[in-house]
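The structure appears right after this line, and notes come after that.
The values are calculated or read from the model by the stated rules, or taken from the named source; none is laboratory data. Note that the coordinates shown come from a computational prediction; the quantities given were computed from them, not determined experimentally. A quick note on method: Cβ atoms are made from the backbone with ideal geometry, for glycine too, and the neighbour counts reach across all protein chains shown.
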Amino acid sequence: MKARMTAKAAEHRLAAAGLEATEHRVRVLMAVGGTPYPSSAPEILDAVRAKSDINRVTVYRILDLLVEHEVLNRLDLGDKSRRFCLREDHDDEHPHFHCTRCDRYLCLRHAQGILNTEGLEGLEADIRHVDIRLEGVCPACRSTT
Ligand SMILES: [Zn+2]
Ligand SMILES: [Zn+2]
């Protein structure tokens, strides 16, 4: 899976997205990029706050900015909870695996052409966002049954 994101990699990624690499943005991006699974907003907040004095609103604002600039994916999970994970590149809307037993999410590799959008032909649909979720039981949970 993805390695921990360095400050340098975070700065590079921000620059590529046309964003100024402020200290706070770098810290938020490193917190999200440091895990191979999508993190919840409170988890990100804890990780960033462990190293820097930054308020909640600022962190949430940066998360929204990074989603807007296609640096991060945002998973809206219905129960008002949101999780964030890193995009390998700007169009990396990869699928996720959700363990229904421990409620953990895993990022899967981006798969080109996983969808058949034939049904949308003639509807002039403009697809803005792809959200594919596979549900089941993760290996850790399976081994404990
Ligand atoms: Zn599990
Ligand atoms: Zn992901």
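In the set 123, 108, 86, only one residue is without any contact (Cβ under 8 Å) to a residue 24 or more places away in the chain and hydrophobic (A, V, I, L, M, F, W, C); that residue is 123. If you check residue 74 against the conditions, is it closer than 22 Å to residue 10 by Cβ, within 16 Å of ligand 1 (Cβ to nearest atom) and outside any helix (DSSP H, G or I)? The answer is no for residue 74.
Against the numbered list (1) over 14 Å from the mean Cα position of the chain (by Cα); (2) surrounded by 12 or more Cβ atoms within 10 Å (Cβ to Cβ); (3) within 13 Å of ligand 2 (Cβ to nearest atom), residue 72 comes up short only at (1). Can we say residue 103 is more than 18 Å from residue 43 (Cβ to Cβ) and at pLDDT below 95? So residue 103 does not fit the description; no.
Entry remark, region 121-145: residues being closer than 22 Å to residue 110 by Cα and β-branched (Val, Ile, Thr) number 4 in total. Residues that are part of a helix (DSSP H, G or I) and polar (S, T, N, Q) within region 28-54 are absent altogether. For region 60-71, the condition holds for no residue, the condition being that it is under 28 Å from residue 18 (Cα atoms) and modelled with pLDDT under 90.
Every residue in region 95-143 that is of a type in the set (D, E, K, R), farther than 19 Å from residue 74 by Cβ and surrounded by 11 or more Cβ atoms within 10 Å (Cβ to Cβ), please. Those that are of a type in the set (D, E, K, R), farther than 19 Å from residue 74 by Cβ and surrounded by 11 or more Cβ atoms within 10 Å (Cβ to Cβ): 101, 142. When region 113-145 is filtered for residues that are closer than 22 Å to residue 38 by Cβ and either touching a strand residue (DSSP E or B) at 6+ places or on another chain (Cβ under 6 Å) or within 16 Å of ligand 1 (Cβ to nearest atom) (or both), the ones remaining, listed by number, are 133, 134, 135, 136, 137, 138, 139, 140, 141, 142.
When you check residue 58 against the structure, is it within 16 Å of ligand 1 (Cβ to nearest atom) and among the polar types (S, T, N, Q), yes or no? No; evaluated as a whole, the condition is false for this residue. Just checking, does region 46-65 include any residue being more than 22 Å from residue 79 (Cα to Cα), within 13 Å of the chain's Cα centre (by Cα) and polar (S, T, N, Q)? Within region 46-65, none of the residues are more than 22 Å from residue 79 (Cα to Cα), within 13 Å of the chain's Cα centre (by Cα) and polar (S, T, N, Q). Checking residue 57 against (1) within 16 Å of ligand 2 (Cβ to nearest atom); (2) out of contact with any strand residue (DSSP E or B) (no Cβ under 9 Å at 6 or more places or on another chain); (3) assigned to a helix (DSSP H, G or I); (4) not acidic (Asp, Glu), only one condition comes out false. Which one? Only one criterion in (1) within 16 Å of ligand 2 (Cβ to nearest atom); (2) out of contact with any strand residue (DSSP E or B) (no Cβ under 9 Å at 6 or more places or on another chain); (3) assigned to a helix (DSSP H, G or I); (4) not acidic (Asp, Glu) is unmet by residue 57, namely (1).
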